[in-house]
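Data block below; observations after.
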Amino acid sequence: ARALEAILSVGGKPRELKLAYAWARFLLALVVRTPRQMEWMAESLRSHDEQELIRPDDQAVLLADTAEAEARGRAELLIRFSSSGWLIRYMAAMPWSVLELPEGAEHFVTGDDPLLISNGIGQADSFLMLPIGPRRLFIAAGCKDVIFDFASQCARLGPSINDAIVRQSDDLVVADRRDLLSFVQQRIQTGAEDGVSGLNRRTWRALGKYRG
């Protein structure tokens, strides 16, 4: 809560490094702590494919083929990945901004998987985007030009961001307008087979387009 308050107060990265790290840790948790990700982790662990999930400096132990060992391994893997130091430091070092919709623009929705992510975050054109209110969008990017590009489209972002969030949601979408029900019903879960990264994340190259 303190990290979000600080982000909103300055419209971007907090001045306190520990708050920036706290928010980066929260974003990383959103990458892995969804039911879909947990199921994928369980399947990978059953196949001993933990190399697909984490870097060599964040290795989890190999597991015996028992339900108890799998449960312990999944929990340990989740903790290790969601506290991965190199990812947290990298995200905290990215340029951050908060975009605010003008009056009259279509508000953002959110859902059970609200973090929009490009295919990899180590490129100049990479980004992470998260609605943090009906009219506010948090964005971290590989460079400031990406933020400027999205900011230049701010008045028109609502429909494209909402389309992406609904398509990658599994079961739940939250909106502040009842007339979006048909919009949600037509799109929810329709992106299940498109544009997945090595971490089983649905990824985005541009607004409204999956990146495989």
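The values are calculated or read from the model by the stated rules, or taken from the named source; none is laboratory data. Please read these numbers as outputs of a predicted model, since none were measured by experiment. All Cβ positions, even for glycine, are placed from backbone atoms using ideal geometry, and neighbour counts span all protein chains on display. Only protein heavy atoms, including side chains, enter the accessible area calculation; ligands, DNA and RNA are left aside. Shrake-Rupley method; radii C 1.70, N 1.55, O 1.52, S 1.80 Å.
Brief remarks follow.
- Between the amide H of residue 105 and any residue lying 5 or more places away or on another chain, no distance stays under 5 Å, with hydrogens modeled in the peptide plane.
- Working note: Karplus 6.51/-1.76/1.60 with θ = phi - 60° gives the stretch 120-134 the couplings x, 10, x, 9, 4, 9, 6, 7, 10, 9, 8, x, 10, x, x Hz, where Gly and Pro are set to x.
- The charge dipole of the stretch 108-152, taken about its Cα centre with unit charges on the Cβ atoms of Lys, Arg (+1), Asp and Glu (-1) only, comes to about 200 debye.
- Cut-off under 5 Å, modelled amide H: who pairs with residue 170 long-range: 112, 113
- Accessible area of the stretch 107-173 divided out per residue, in Å², using a probe of 1.4 angstrom: 37
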